[in-house]
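Undergrad: My structure is below; once you've seen it, I'll send some questions.
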Amino acid sequence: MDWNDSEEQVIFRAQVREVIETKLPERYRRSSGAEEGAGSWQSDRISKDPEARKAATDWANALAERGWIAPHWPKEYGGAGLTPMEQFVFKQEMAQAQAPGVGGMGVSLLGPTLIVHGTEAQRAEHLPRILSGEVAWAEGYSEPGAGSDLASLQTRAIKDGDDYVINGQKIWTSGAHTADWLFALVRTDPEAPKHRGISFLMMDIHTPGLNVRPLINMAWEHGFNETFFEDVRVPAKNLVGDENRGWYVGASLLDFERSNIAGAIENRRILTDLIAYATSEDGRGQSRLSQSDSLRHEVAEAYVQTEVLFNFSFRIISMQNRGLIPNYEASTSKLFNSELVQRSARLGTKVFGLYGNLWDRHDPRAPMGAQFTRRYVTSIPSTIAAGSSEIQRNIIATRGLGLPRG
Ligand SMILES: Cc1cc2nc3c(=O)[nH]c(=O)nc-3n(C[C@H](O)[C@H](O)[C@H](O)COP(=O)(O)OP(=O)(O)OC[C@H]3O[C@@H](n4cnc5c(N)ncnc54)[C@H](O)[C@@H]3O)c2cc1C
């Protein structure tokens, strides 16, 4: 396969670059000294800081004008209807510039689900508000007793007149504290086999009885939450698909970005920055690279693995381009990417020895704003979220290699 851009792709890439160059707010430009980790569109949108709010709105408007909040949605629903290859180019350029995506789970998960399973009324109510960046969504799937084995979920919804009444608990609800609406899987028939008694419901996150409580992660950040339901009344019109068929609705919530190209670009950038700093005049004194053959070998190994990840991405996009749906191939790329992110973080802290323990990004002694120390901690969940490494290996073993199930 020829990986050089076609003539159309050259033109499209230039358009994306131009928008990023001219419209990306200063707040999100790393070159302007923006802090690592700063600038999440979803939290900026409701920030108390008017500048952060303005940046989020300006960026959403710039993307919305071109349908680029939802590049993969069909044009008839307000997306850009980009081909898989154009989506790939778009993602590449966004990742290269570290420009934040807009629309979060509304764009990646809920919108595509409503397009396939929703009613006309549901699409008319929710899609425009996702596309304008007005409403952000969170995902309520996992429960304390149901993660990898999601079909064991127990949060109960009972039909009562025109409503469902929900009681139970979700956990690890990312961004629920900055979201406006929640989509959730709930149990509507406890007697049925476990996959067949589940329904998919949408609800305003501020509905009485619905409480979102923070979970602070080991990097002392508030990213996810516990979500409690106490007699939460949700109009039955917010059921997506048929009652008790929610498992199949939920299972089709595919993130269309399965190539992990953003992960490959991020890994390449991390490694390039690490090498540049560790060999620079400023960084040489803190770096152990000149003292250790094995460390230099690890850097070389990280380079090889980053290039392998690029090839996984290319394989997936070439499948999508041919109309195929990646399956165990997406698991391979997810597994490899999430483990590489952790290895790169460990490598960075090793290169800086004891300096690699400094946590405060403003400490002048902390190499590269302590980013590797932070990555060391923040990369740990990457092998759990969106399907743990063990689950990915199960998929590769059974669906990919045809091995028998245990
Ligand atoms: C950063 C982050 C964000 C998240 N955001 C959300 C969100 O927004 N909404 C949401 O609903 N959920 C979210 N989750 C939850 C996530 O989907 C679950 O953590 C994940 O599915 C694993 O479930 P669990 O934590 O219950 O672990 P468990 O399923 O209990 O797994 C525990 C361990 O057992 C292993 N294991 C389990 N089953 C098998 C098996 N069959 N074979 C081999 N090993 C197995 C696992 O790999 C793991 O090591 C998030 C998680 C993280 C870390």
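Undergrad: Any idea which of 316, 325 is on the phi < 0 side of the Ramachandran plot, among the aliphatic types (A, V, I, L, M) and outside any helix (DSSP H, G or I)?
TA: Just a single option satisfies the conditions, and that option is 325.
Undergrad: Let me ask something else about it. Look through the range 101-134, keep the residues that are more than 23 Å from residue 248 (Cα to Cα) and within 16 Å of the ligand (Cβ to nearest atom), and return whichever of them is surrounded by the most Cβ atoms within 10 Å (Cβ to Cβ).
TA: 103
Undergrad: Looking at the range 83-139, which of its residues are outside any helix (DSSP H, G or I) and among the charged types (D, E, K, R)?
TA: 134, 139
Undergrad: Shifting gears a bit: Filter the range 135-147 down to residues that are in contact with a Ser or Thr (Cβ under 6 Å, 6 or more places away or on another chain) and within 14 Å of residue 246 (Cβ to Cβ) and give me whichever is surrounded by the fewest Cβ atoms within 10 Å (Cβ to Cβ).
TA: 146
Undergrad: Would you be able to say whether some residue in the range 163-172 is under 16 Å from the mean Cα position of the chain (by Cα) and crowded, with 21+ Cβ neighbours inside 10 Å?
TA: yes
Undergrad: Can you tell me how many residues in the range 207-229 are within 12 Å of the ligand (Cβ to nearest atom) and among the aromatic types (Phe, Trp, Tyr)?
TA: Here the count works out to 1.
Undergrad: Another question, then. Out of the range 343-380, which residues are surrounded by fewer than 18 Cβ atoms within 10 Å (Cβ to Cβ) and either within 13 Å of the ligand (Cβ to nearest atom) or in a loop (DSSP other than H, G, I, E, B) (or both)?
TA: 359, 360, 361, 362, 363, 364, 365, 377, 380
Undergrad: Shifting gears a bit: Take the conditions basic (Lys, Arg) and touching a residue at least 24 places away in the same chain (Cβ under 8 Å) and apply them to residue 129. Does it pass?
TA: No: the conditions fail for residue 129.
Undergrad: Then there is this: Please tell me if residue 204 is in contact (Cβ under 8 Å) with a residue 12 or more places away in the chain, away from the ligand (no atom under 16 Å from the Cβ), touching a Gly at 6+ places or on another chain (Cβ under 6 Å) and not assigned by TED's automatic domain parsing to the domain that holds residue 383.
TA: No.
Undergrad: Which residue out of 251, 236, 276, 300 is surrounded by fewer than 18 Cβ atoms within 10 Å (Cβ to Cβ), closer than 30 Å to residue 194 by Cβ and without any contact (Cβ under 8 Å) to a residue 12 or more places away in the chain?
TA: Exactly one of 251, 236, 276, 300 is surrounded by fewer than 18 Cβ atoms within 10 Å (Cβ to Cβ), closer than 30 Å to residue 194 by Cβ and without any contact (Cβ under 8 Å) to a residue 12 or more places away in the chain, namely 251.
Undergrad: Next question, about the same structure. Do we have any residue at all in the range 310-328 that's under 27 Å from residue 89 (Cβ atoms), charged (D, E, K, R) and within 15 Å of the ligand (Cβ to nearest atom)?
TA: Checking the range 310-328: not a single residue is under 27 Å from residue 89 (Cβ atoms), charged (D, E, K, R) and within 15 Å of the ligand (Cβ to nearest atom).
Undergrad: If you don't mind, there's one more thing I want to ask. Residues 384, 396, 391: which one is aliphatic (A, V, I, L, M), without any contact (Cβ under 8 Å) to a residue 24 or more places away in the chain, in the same structural domain as residue 281 (by TED's automatic domain parsing) and within 16 Å of the ligand (Cβ to nearest atom)?
TA: 384
Undergrad: Residues being within 15 Å of the ligand (Cβ to nearest atom) and either touching a residue at least 40 places away in the same chain (Cβ under 8 Å) or in contact with a Cys (Cβ under 9 Å, 6 or more places away or on another chain) (or both): count how many of those fall in the range 151-165.
TA: Matching residues across the range 151-165 total 4.
Undergrad: Here's something else I'd like to know. Given the criterion in the same structural domain as residue 29 (by TED's automatic domain parsing), in contact (Cβ under 8 Å) with a residue 60 or more places away in the chain, more than 16 Å from the ligand (Cβ to nearest atom) and at positive phi, identify the matching residue among 87, 98, 92.
TA: From the options 87, 98, 92, the qualifying one is 98.
Undergrad: Separate question: For residues that are modelled with pLDDT under 95 and among the hydroxyl-bearing types (Ser, Thr, Tyr), tally how many sit in the range 124-169.
TA: So the count comes out to 1.
Undergrad: While we're here: With respect to residue 173, is the statement that it is β-branched (Val, Ile, Thr), assigned to a loop (DSSP other than H, G, I, E, B), modelled with pLDDT of 95 or more and more than 14 Å from the ligand (Cβ to nearest atom) true?
TA: Considered against the rule, which asks whether it is β-branched (Val, Ile, Thr), assigned to a loop (DSSP other than H, G, I, E, B), modelled with pLDDT of 95 or more and more than 14 Å from the ligand (Cβ to nearest atom), residue 173 comes out as no.
Undergrad: Please state which one of 148, 108, 142, 152 is polar (S, T, N, Q) and within 30 Å of residue 23 (Cα to Cα).
TA: Step by step, each of 148, 108, 142, 152 is checked, and only 108 is polar (S, T, N, Q) and within 30 Å of residue 23 (Cα to Cα).
The values are calculated or read from the model by the stated rules, or taken from the named source; none is laboratory data. The structure displayed is predicted, hence computed values, not measured ones. A quick note on method: Cβ atoms are made from the backbone with ideal geometry, for glycine too, and the neighbour counts reach across all protein chains shown.
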